[in-house]
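Enquirer: A single structure is presented below for examination.
The values are calculated or read from the model by the stated rules, or taken from the named source; none is laboratory data. Keep in mind the model is a prediction, meaning the values are calculated, not measured. Glycine also receives a Cβ, built like all others from the backbone with ideal geometry; neighbour counts cover every protein chain displayed.
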Amino acid sequence: MGDSREKNKMKETPWWYHLLWGLALIIFKVFFGLEIKGRRNIPLRGAVILASNHCSYLDPIILGLLTPRKLNFLAKEELFRNFLFKQLITALGAFPLKRDKLDHRAYQQALHLLSQGRVLALFPEGTRSKTQRIGKLRQGTVRIALKSKVPLIPVVIKGTGKALPPGKKLIKLSKIKVQVGKPIYINGFLKEKKNSVDTLQRKLKEELQKLADDQ
């Protein structure tokens, strides 16, 4: 049992991912002045959920630069229609999500990855926002956290909406800042059986908005 767990840890982040991660980090620091605060709030091992605001298609890349561990993402299923792009994003840790209805398959896949001690990155707002205010959160993120009993780490990204706004294809050089909040542990919320989802959702939104206001 111990050997299999060690092998899973080794497989979590392959060598080529470390190489791409290092190159991408250099590029974003040089050309976008990438600034990250609170990086130490992300553990180097063990399951965790990064819950981030969402302003741009650059956000998954920025989240990936917060930790050398390989991230796993839920991405809208439309992105998997192109064969070559599907192979790329799948290799980088993405798996499809049907956004128009409850996707049980994606939900189970998320729980499976967390049970293996992986890092899961989610966008609770469900879609890209054009403002810096934290919008209405969907329940999927907190439901996954409560079911898996895995800590939620709030993350706020600023600047990607200017670098690559929704609807645009050309990237502009713009300062990008990231603030990583402290983990929100789930145990206390599990005691509220009836209102645990709503209570945790309010807490997550509050923490995200605090980070957005602090920057």
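Enquirer: Name every residue in segment 44-94 that is among the hydroxyl-bearing types (Ser, Thr, Tyr) and out of contact with any strand residue (DSSP E or B) (no Cβ under 6 Å at 6 or more places or on another chain), in order of residue number.
Expert: Across segment 44-94, the qualifying residues are 56, 57, 67, 90.
Enquirer: Identify, by number, the condition in (1) touching a Pro at 6+ places or on another chain (Cβ under 9 Å); (2) buried (at least 17 other Cβ atoms within 10 Å of the Cβ); (3) over 23 Å from residue 163 (Cα atoms) that residue 120 doesn't meet.
Expert: Just one mismatch for residue 120, condition (1).
Enquirer: Show me the helices (runs of 4 or more DSSP H) found entirely inside segment 115-215 where at least 2 residues are in contact with a Phe, Trp or Tyr (Cβ under 9 Å, 6 or more places away or on another chain) and closer than 23 Å to residue 93 by Cα.
Expert: 140-148
Enquirer: Would you confirm whether any residue within segment 125-133 is modelled with pLDDT of 85 or more and acidic (Asp, Glu)?
Expert: Yes, the conditions are met somewhere in segment 125-133.
Enquirer: Shifting gears a bit: Could you tell me which of the residues 75, 94, 51 is modelled with pLDDT of 90 or more and within 14 Å of the chain's Cα centre (by Cα)?
Expert: Matching residue, one of 75, 94, 51: 51.
Enquirer: Right, another one. Inside segment 172-201, can you point out the residues that are touching a strand residue (DSSP E or B) at 6+ places or on another chain (Cβ under 8 Å) and closer than 16 Å to residue 55 by Cβ?
Expert: 175, 176, 177, 178, 179
Enquirer: Looking at 191, 172, 203, can you tell me which residue is more than 16 Å from residue 60 (Cβ to Cβ), without any contact (Cβ under 8 Å) to a residue 24 or more places away in the chain, in contact with a Lys or Arg (Cβ under 8 Å, 6 or more places away or on another chain) and surrounded by fewer than 17 Cβ atoms within 10 Å (Cβ to Cβ)?
Expert: 172
Enquirer: Next question. Which residues, counting only those in segment 43-68, are over 21 Å from residue 164 (Cα atoms) and either hydroxyl-bearing (Ser, Thr, Tyr) or buried (at least 21 other Cβ atoms within 10 Å of the Cβ) (or both)?
Expert: If the condition is that a residue be over 21 Å from residue 164 (Cα atoms) and either hydroxyl-bearing (Ser, Thr, Tyr) or buried (at least 21 other Cβ atoms within 10 Å of the Cβ) (or both), then 48, 49, 50, 67 are the ones that fit.
Enquirer: Checking residue 86 against (1) modelled with pLDDT under 85; (2) buried (at least 20 other Cβ atoms within 10 Å of the Cβ), which test does it fail?
Expert: (2)
Enquirer: Regarding residue 97, is this residue buried (at least 19 other Cβ atoms within 10 Å of the Cβ) and without any contact (Cβ under 8 Å) to a residue 60 or more places away in the chain?
Expert: yes
Enquirer: With the structure loaded, tell me whether residue 84 is more than 22 Å from residue 211 (Cα to Cα) and more than 15 Å from the chain's Cα centre (by Cα) or whether it fails that test.
Expert: yes
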